[in-house]
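Notes for the one structure printed next.
The values are calculated or read from the model by the stated rules, or taken from the named source; none is laboratory data. Note that this is a predicted model, so its numbers are computed, not measured. Heads up, the Cβs are rebuilt from the backbone with ideal geometry, glycines too, and the neighbour counts pull from every protein chain shown. These area figures cover heavy atoms from the full protein model, side chains too; ligands, DNA and RNA do not enter into them. Shrake-Rupley method; radii C 1.70, N 1.55, O 1.52, S 1.80 Å.
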Amino acid sequence: MLSRSSFTSLVVGVFAVYVAHTCWVMYGIVYTRPCPAAADGAAGGCVWPYLARRPKLQLSVYTTTRSSIGSESKIDLVLNVEDFDIESKFERTVNVSVPKKTRNNGTLYAFVFLHHAGILPWHDGKQVHIVSPLTTYMIPKPEEINLLTGESATQQIEAEKQPNALDEPVSHWRSRLTLNVMVEDFVFDGSSLPADVHRYMKMVQLGKTVHYLPILFIDQLSNRVKDLMVINRSTTELPLTVSYDKISLGKLRFWIHMQDAVYSLQQFGFSEKDADEVKGIFVDTNLYFLALTFFVAAFHLLFDFLAFKNDISFWKKKRSMIGMSTKAVLWRCFSTVVIFLFLLDEQTSLLVLIPAGIGAVIELWKVKKALKMTIRWQGLRPKFQFGAYNDSEKKTEEYDAQAMKYLSYLLYPLCIGGAAYSLLNVKYKSWYSWLINSFVNGVYAFGFLFMLPQLFVNYKMKSVAHLPWKAFTYKAFNTFIDDIFAFIITMPTSHRLACFRDDVVFLVYLYQRW
């Protein structure tokens, strides 16, 4: 059986192998081996870029309710860029006519053609095109109201327009269409074409050489939930922002893999909102910051695991509560469960929700240990039994109760006042939402005060030897990592501020240890 130290070493070793393997895979994505024969000017086995001939191109964007087209008569032209320059970026906003079928919870597609200038796309044998839906289906966010007065500025209007909006997914408009063309004059090896790019390539034979036509790509990662608009039955036109920028081969391959990863998450049950949080990490940061984010996230995962492991190990061996604040343990459990329910009510990203849920389960188990609770079942009815404290533990409880007495004079009026203020002035989805928000605001705003009983017990006993310092150390590393994540991952502002509050608490613990 493995010892604890060897198990930790094994975990760290597996983590190092995982990081090294990921770096190697990333290198394989961004680096593509060119055709060896191209250096000698030979054409055999190479696939050459058609863009190297510098053709005169035109960009055309059409819309239709069909996922495939066969004739010009069934589509509408919404954007036409003559003398299209693949090196020049642009952004244009156009008004798109919304067909009746789309207004009745249907779908609308965009067909983007890159073809020779002056020739209609379906008459050009060397055109390339790509299709993207301009609509998606989502359940609209529930309307927030004042719970006392029932006031809501848009509730009645939205209810009339979408009678089943809160029950069924409705069609939403994607207001952005981001286009890219791979502009590098890269010569591929025909015998080892990258599978990710190959599905976007169209080959033509010109004389004795094989050429690939311009690689046209639609950046789906730029389609964010915040840009979606509900399509009402009375809407006849909607704005569409079409933006274009060139893209390198390395970034194109990386982006294809990221889009495939997001799609896989949705296939595994991630909601559109969860996938959107992942998109935000990729879209809202540059590649260098993205690489830093990956390493930070990897170390966060490692420290999370080691902190959980050491915390569980410490409490598993814990037989006495001498020097440990029972009130602090109970409060930590309550606050962790409330935070988890709040994040669940706010439909926060699973990247934040899952660790919070695991932490809540561990805190519940720690309360059972702290109260020396045993559960015995009498049929289907549980019976709870609590163990007795010795004299030293009773002394700790006296210090604990003394600290809580002083805190209650400040804490309870503040929490009750905050809950009453929010009830009068803030709109919520339901009474449950108000209750959870009131609890969580108290936890975030004044939760650090409940760490003071443990600090008070430490001060009175002149010792910190009874604390789980290994777990504290790993949690401290994660606290500073959370400060970075607070600006990267979308989360409620109160949860973001709480990350910085934890820094102060840990610094006080360090001062006491010193």
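Each Lys or Arg adds one and each Asp or Glu takes one away; over the other residues whose Cβ falls under 12 Å from the Cβ of Val440, this sums to -2.
For region 8-13, backbone phi angles converted through the Karplus equation (6.51, -1.76, 1.60; θ = phi - 60°) give residue-by-residue couplings of 4, 4, 5, 4, 5, x Hz, Gly and Pro being listed as x.
On a 21 Å Cα-Cα criterion, which of the cross-link pairs Lys74/Lys202; Lys327/Lys368; Lys394/Lys460; Lys202/Lys279 come out too long? Over 21 Å Cα-Cα: Lys74/Lys202; Lys202/Lys279. Shown is the FRET efficiency for Gln205 and Arg233, computed with R0 = 41 Å from the Cβ-Cβ distance and rounded to the nearest 0.05: 0.25. Calculated FRET efficiency, Ser248 to Lys383, Cβ-Cβ distance, R0 = 51 Å: about 0.15 to the nearest 0.05. At an R0 of 41 angstrom, the distance between the Cβ atoms of Tyr406 and Met373 translates into a FRET efficiency of 0.90. What a 1.4 Å probe finds exposed on region 296-442 is 68% carbon and sulfur by accessible area, rounded to a whole percent. Peptides 380-388, 333-341, ordered by how many other C-beta atoms sit within 10 Å of their residues on average, highest first, read 333-341, 380-388.
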